[in-house]
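For reference, the structure is listed below as structure tokens.
The values are calculated or read from the model by the stated rules, or taken from the named source; none is laboratory data. None of the values given here were measured: they were computed from a predicted structure. Methodologically, a virtual Cβ is constructed for each residue, glycine included, from the backbone with ideal geometry; neighbour enumeration extends over all protein chains shown. Just the protein is used for accessible areas: all its heavy atoms, side chains included, with ligands, DNA and RNA removed. Shrake-Rupley method; radii C 1.70, N 1.55, O 1.52, S 1.80 Å.
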Amino acid sequence: MHVLELRGVSKRLGRRMVVEDLNMTVEAGEVYGFLGPNGAGKTTTIRMIVGLIRPTAGEIRILGHDVQRDPVRALAHVGAIVENPELYSYLTGRQNLIHYARLAGVNDIARRVERVAERVGLADRLDEKVKRYSLGMRQRLGVAQALIADPKLLVLDEPTNGLDPAGMREFRELIRALAREGMAVFVSSHLLAEVEQMCDKVAVLRGGRVIAEARIADLTASVGHVWLRVSRPDMAQAVLRNSGWEVARDGGRLRVAAKDEAAIAAVVRALVEQGIDVYEVAPGGGLEQSFLALTGESPAHAAGMA
Amino acid sequence: MGTLWNVVRNEWMKLVRRRRLTVVAILGLCVVALFAFGEYHRLREAQNFNPVQIQQTAIAQMESERTQLAQSPPTAQRDAQLRDLDQAIAKAKADLAQTKARTASPETWRQQAQAAIENAKQQLSQMPSGPALLPSQQAQRASLQAEIMENQFRLQHHAPPVVWPQMNSWEETVSFLGVAAKTFIPLLVVVLVADIVAGEMTDGTIKLLVVRPVRRRTLLLGKWLVVTAASALCSLVLCGLVWLAGILVLGTKGAMSPHWVGVTYQFVTSPDQPLAVTPVPDYTHAALLPVWQYLLYDSLWIAAAMVVVASIAFFCSTIFKSAMVSTAVSMGAVVIGLVVTDMARHQGWVRWLFPTHLNLMSDWSGEAALALQHPVTLGLGVLVLVIWAVVLLAVSFIRFGRQDILNA
Ligand SMILES: Nc1ncnc2c1ncn2[C@@H]1O[C@H](COP(=O)(O)OP(=O)(O)OP(=O)(O)O)[C@@H](O)[C@H]1O
Ligand SMILES: [Mg+2]
């Protein structure tokens, strides 16, 4: 049984079809990225998954329970953040968590609150009023409330907003750890890099339709290129071109098509043999390339997405 | 059931920590202080008022007038004036004697009450009886009977009439609450309740509330239970504080003063005067309550009416997404309702508006019927309030159950 299953889901808001004919499945232990630019319909989809709005057509099942027809059973195993996690600012972090734990039917509330707070790194500030939290702390509390009932499905809408780089990495590690424990995670984002680092699978949403879906592993394994910084770029370009490599010049750097690690090693060897110093070899977004190929878009579009 | 209890605990936790409760508490204390200060002021006024002295001054003035008049040349007109003055002086002296007797011996009122009973009985026996009475005669008969019962109650329960400049804290509390039940208290309830759902919409917290494995109607029911309980509690506390302030300023005397309940009225126009409406009281189901008991019922009925006000504000808070709009509309409903029910009070349809019945005790006592000039009973008042609450709540629940939560 799929943890999350969307079948033919559409949503009309006013006269516009904001989301059209979505079909997705998310399995246990899988982190599913939901990628799309602003206004693509990510939040709308997530609102439908957690039962905040009802689909115009189609059905959404969580662990086999229809969200519309049997919301109590469907939502019993869901933790969610929708847009910003707005919490009760006049309550303390602990009171907020107790509040949600009661609604989720958690048994040993005090213990569970402590556990979850520790997991998101908020244990020492838990008894402060939320209005005195920083944005990042609120975000952490948001994750804590999503985890409070030990859900089987975690639905997160752009969860890394407001986190510093360290916090972001911590967050990614947390998500990966949760997935290893068997949780299914559905996470929306408009950052390709974030999805790449966090997810197993990605669906690309544009204009309310899924235009592509793929495994991250498949994408990264396919064609890519490297960026080189060398002592004599002109000569290096000539040398590589003579050896049959596809080379482009971008300012002081060279862009060389290299489809795997063996190819990269061959390129470097060729340059060093000709007495050219190699200062830097940087992987050049193999994912991005294949991503563009996948979605059939020009790089200008991709910039808008990044 | 367990889920509902958890929702109730949550909502209570939030309610008591919100700033609105503090605002309500402060405003409530202001209302109590207003009452206490007003009563204190009136008490000071009453203390400066010495009836014996005032009556004596009046007599002295009349006597000096008489001496002056006696010195003027005698005419028929002068003699008539002198006779009038003499009569007035004699009456004033008798009044003074009564006042002095009352102050000297506090039990004189018993004889007076007894005399009033005898007098009323005599008048009744002289009046024509039977079904063919004029409305004015019926009204007179009824009020004579009421007077007899009232005086008997006083004698039986040792409840002397309280006449100015004496003040009865119980009566003062009752009359203040009568006003407060239609103005201050509903507004406080509105402040407390009107953002209970709309506030969560405005803040966006509704999202993380609704995504739990709890039915929306359970969430809403829990919220309703909490706000109505809080409103009833707040109004009871307020009534208690007003009573306490009255006791502290004016003392506890007069708790047994009689109060009518269950008086019904018929409003008849006699054929010769089609414009004048005569209220004909009917005391068949009426009873007298000591004022302390009346006050107790009053507080309970006010609390019940505030449950309805809370339900109306609750309705607004589920209909409007902005806490500000919801508060404004609920306040408008109370204030405009108050004005409309006052301006159009002789129209029959006013009986179907909720602000008419916020002081349910006046429905029970018959004062509301007198003011509206239409038959009004406690039963009607309760029925009207229940209809308002049930209809609006039904709309709230249906709407909230289906609503797309989009912009929160
Ligand atoms: N209440 C509404 N009525 C009509 N259209 C709406 C409403 N709310 C959102 N939309 C439209 O639905 C589309 C999708 O919105 P949504 O919030 O799902 O986008 P998103 O993918 O989450 O974007 P972002 O990355 O900016 O969060 C947008 O074009 C938006 O204008
Ligand atoms: Mg969004």
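Data table
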{"read-out": "Residues satisfying the stated conditions in the stretch A:172-199, i.e. closer than 30 Å to A:Ile109 by Cβ and within 16 Å of ligand 2 (Cβ to nearest atom)", "value": "A:Phe186, A:Val187, A:Ser188"}
{"read-out": "Contacts under 7 angstrom Cβ, first residue in the stretch A:83-98 being farther than 18 Å from A:Glu114 by Cβ and in a helix (DSSP H, G or I), partner modelled with pLDDT of 95 or more and within 16 Å of ligand 2 (Cβ to nearest atom), 6 or more apart", "value": "none"}
{"read-out": "Pairs, first farther than 15 Å from B:Ala142 by Cβ in the stretch B:104-131, second modelled with pLDDT under 85 and not in a loop (DSSP other than H, G, I, E, B), C-beta under 8 Å, six or more apart", "value": "B:Thr108/B:Gln98; B:Thr108/B:Ala101; B:Thr108/B:Arg102; B:Trp109/B:Arg102"}
{"read-out": "Candidate set: the stretch A:32-54, residues that are more than 15 Å from A:Leu205 (Cβ to Cβ) and more than 10 Å from ligand 1 (Cβ to nearest atom); chosen: the one surrounded by the fewest Cβ atoms within 10 Å (Cβ to Cβ)", "value": "A:Arg54"}
{"read-out": "When residues of the stretch B:196-223 are limited to those that are of a type in the set (Lys, Arg) and in a helix (DSSP H, G or I), the one nearest to the other protein chains (Cβ to nearest Cβ)", "value": "B:Lys207"}
{"read-out": "Criterion (in contact with a strand residue (DSSP E or B) (Cβ under 9 Å, 6 or more places away or on another chain) and farther than 29 Å from B:Arg102 by Cβ) met by exactly one of B:Ala146, B:Ala139, B:Ala159", "value": "B:Ala139"}
{"read-out": "Lone unmet requirement of (1) facing another protein chain (nearest Cβ under 9 Å); (2) open to solvent by 10 Å² or more (accessible area, probe 1.4 Å); (3) farther than 26 Å from B:Thr22 by Cβ for A:Arg119", "value": "(1)"}
{"read-out": "Among (1) more than 16 Å from ligand 1 (Cβ to nearest atom); (2) surrounded by fewer than 17 Cβ atoms within 10 Å (Cβ to Cβ); (3) closer than 29 Å to A:Val19 by Cα, the one test that A:Asp164 misses", "value": "(3)"}
{"read-out": "Counted residues, the stretch B:1-41 - those being within 16 Å of B:Leu248 (Cβ to Cβ), of a type in the set (Phe, Trp, Tyr) and open to solvent by 60 Å² or more (accessible area, probe 1.4 Å)", "value": "2"}
{"read-out": "Checking B:Thr377 against (1) at pLDDT 95 or above; (2) open to solvent by 50 Å² or more (accessible area, probe 1.4 Å); (3) of a type outside the set (Lys, Arg), the condition it does not meet", "value": "(1)"}
{"read-out": "Scan of the stretch A:141-171 for residues that are of a type outside the set (A, V, I, L, M), more than 16 Å from ligand 2 (Cβ to nearest atom) and more than 18 Å from A:Val26 (Cα to Cα), ordered by number", "value": "A:Gln145, A:Asp164, A:Pro165, A:Gly167, A:Arg169, A:Glu170, A:Phe171"}
{"read-out": "Qualifying residue in the stretch A:213-229 (condition: modelled with pLDDT under 90, within 30 Å of A:Leu13 (Cα to Cα) and away from ligand 2 (no atom under 16 Å from the Cβ))", "value": "yes"}
{"read-out": "Selection from the stretch A:19-31 of residues that are of a type in the set (A, V, I, L, M, F, W, C) and either surrounded by fewer than 19 Cβ atoms within 10 Å (Cβ to Cβ) or within 18 Å of A:Val195 (Cβ to Cβ) (or both)", "value": "A:Leu22, A:Met24, A:Val26, A:Ala28, A:Val31"}
{"read-out": "Set A:Leu13, A:Leu35: member being within 16 Å of ligand 2 (Cβ to nearest atom) and more than 20 Å from the chain's Cα centre (by Cα)", "value": "A:Leu13"}
{"read-out": "Unmet criterion (only one of (1) within 29 Å of B:Phe35 (Cα to Cα); (2) modelled with pLDDT under 95; (3) touching a Phe, Trp or Tyr at 6+ places or on another chain (Cβ under 8 Å)) for B:Asp195", "value": "(3)"}
{"read-out": "Unmet criterion (only one of (1) in contact with a Leu (Cβ under 7 Å, 6 or more places away or on another chain); (2) more than 14 Å from chain B (Cβ to nearest Cβ); (3) more than 16 Å from ligand 1 (Cβ to nearest atom); (4) in a strand (DSSP E or B)) for A:Val187", "value": "(3)"}
{"read-out": "Filtered residues of the stretch B:132-153 (kept if open to solvent by 30 Å² or more (accessible area, probe 1.4 Å) and within 23 Å of the chain's Cα centre (by Cα))", "value": "B:Ser143, B:Glu147, B:Met149, B:Glu150"}
{"read-out": "The stretch A:55-97, residues that are open to solvent by 30 Å² or more (accessible area, probe 1.4 Å), charged (D, E, K, R) and more than 8 Å from every other protein chain (Cβ to nearest Cβ)", "value": "A:Glu59, A:Arg61, A:Arg69, A:Asp70, A:Arg94"}
